[in-house]
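Note sheet for the following structure.
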Amino acid sequence: MTGLNQRVNELQAEMKALGLDGFIVTNPSNLLYLSQFDGLDGDGCLVITPQQVTLITDARYQEALEASLPKTVNLEITRDYYDVAHQVLADQGYQRVGFETSASYALYRKLAALFGDKLVPETGVIEKLREVKDARSGNSSPVHPTGK
């Protein structure tokens, strides 16, 4: 999963340019792009900070993710995705957290309740990264939970 590190590094560089301490990824296409795990179907989120990457999802995907994710990615198994995302970011003393404006209004309200005025809407940050093909994208497909 070398592509994961490159993609996360690119997002972290964008976050730095935007003055963000963290980014919560919820869009299924962006989750696939960054995690290279084909199977989440929007069930969970990815929390990116300058120091770490945390994938938060439920137990259905635990075994496949443990087998395929690099050791540099923290895996949190829960159904309280956004409460755990808040805790991960709080542990790192966040000040500004980006989120995708493609999120539903219900999700926005949940995030706003957790993060308050530290929540920063961002449009197209990951989509811009996806426009540039990396070396891996042409040679292999994402990991599917069944290993196929």
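See the values below:
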{"item": "Spin-label pair Gln52/Ala90, simplified geometry with 7 Å Cα→Cβ offset, distance in nm", "result": "1.5 nm"}
{"item": "Amide H partners (placed H, <5 Å) of Thr78, local residues excluded", "result": "Thr57, Asp58, Ala59"}
{"item": "Extension gain, Ser102 back to Glu10 (0.36 nm per residue minus Cα-Cα distance, nm)", "result": "31.1 nm"}
{"item": "3J(HN,Hα) from dihedral phi, segment 26-37, Karplus parametrisation 6.51/-1.76/1.60, rounded to Hz, x for glycine, proline", "result": "10, 5, x, 5, 6, 4, 4, 4, 7, 8, 6, 10"}
{"item": "Lysines with Cα under 16 Å of Lys16, excluding same-chain neighbours fewer than 8 positions away", "result": "Lys118, Lys128"}
{"item": "Angle between the chain longest axis and helix 81-91 axis [Cα atoms, degrees, rounded to 10]", "result": "70 degrees"}
{"item": "Considering only the chain, percent of DSSP beta bridges that pair antiparallel, nearest 5", "result": "35 percent"}
{"item": "Whole-Hz ³J(HN,Hα) from phi, Karplus 6.51 cos²θ - 1.76 cosθ + 1.60, for segment 117-123, glycine and proline x", "result": "6, 8, 7, 10, x, 10, 10"}
{"item": "Relative contact order (%) - segment 1-129, alpha-carbon pairs under 8 angstrom, separation at least six", "result": "26 percent"}
{"item": "Theoretical ellipticity at 222 nm over the chain - DSSP helices of four or more residues, -39500 (n - 2.57) apiece, nearest 500", "result": "-12000 deg cm²/dmol"}
{"item": "Cut-off under 5 Å, modelled amide H: who pairs with Val53 long-range", "result": "Asn74"}
{"item": "Residues with amide H under 5 Å from that of Val120, placed H, sequence gap 5 or more", "result": "Val97, Gly98, Phe99"}
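Here, each number is a calculation from the coordinates, and none is a lab measurement. Owing to the predicted nature of the structure, the values given are computational and were not obtained by experimental measurement. Here the Cβ is made from the backbone with ideal geometry for all residues, glycine too, and neighbour counts use every protein chain on show.
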